[in-house]
Amino acid sequence: MPNGKTVGETREDDGKRMEIIKKYIKNVDIIWECEIHQMLRRNQKMRKAFANYHNKGPINIRDCYFGGRTGPLHMHFDAEKEQHKIAYLDFNSLYPSTIATTSFPVGIRK
């Protein structure tokens, strides 16, 4: 597999993630790809929605620096149990104020 793990290892990781999700979310529906195909055969509205969906392709890792598509590394983390402090720093939002308050060279370099 592309992640360097076997299918079995990936399936085991998925199971662990699902256990974590089910601790915090009451109702979780799991739908396999084969079931989606069956639904598409039976449901015209769903088939039309899928036909109109535009897939943007694989994730570009650099997008995460610009607010693009990102994914969590951990589904849940108990900071109190692990005695950690969780913080959030948003450097991208500083960009407009930095541009407004900082001098930059302009013109063509000689």
Look through segment 13-57, keep the residues that are farther than 19 Å from H76 by Cα and small (G, A, S), and return whichever of them is surrounded by the most Cβ atoms within 10 Å (Cβ to Cβ). A49
Does at least one position in segment 57-68 carry a residue that is at pLDDT 75 or above, β-branched (V, I, T) and either part of a loop (DSSP other than H, G, I, E, B) or within 20 Å of the chain's Cα centre (by Cα) (or both)? no
Conditions first: (1) under 29 Å from F77 (Cβ atoms); (2) assigned to a loop (DSSP other than H, G, I, E, B). T10 passes all but one, so which condition is the exception? (2)
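The values are calculated or read from the model by the stated rules, or taken from the named source; none is laboratory data. These figures come from a predicted structure and were not determined experimentally. FYI the Cβ positions are ideal-geometry reconstructions off the backbone, even for glycines, and counts take in every protein chain you see.
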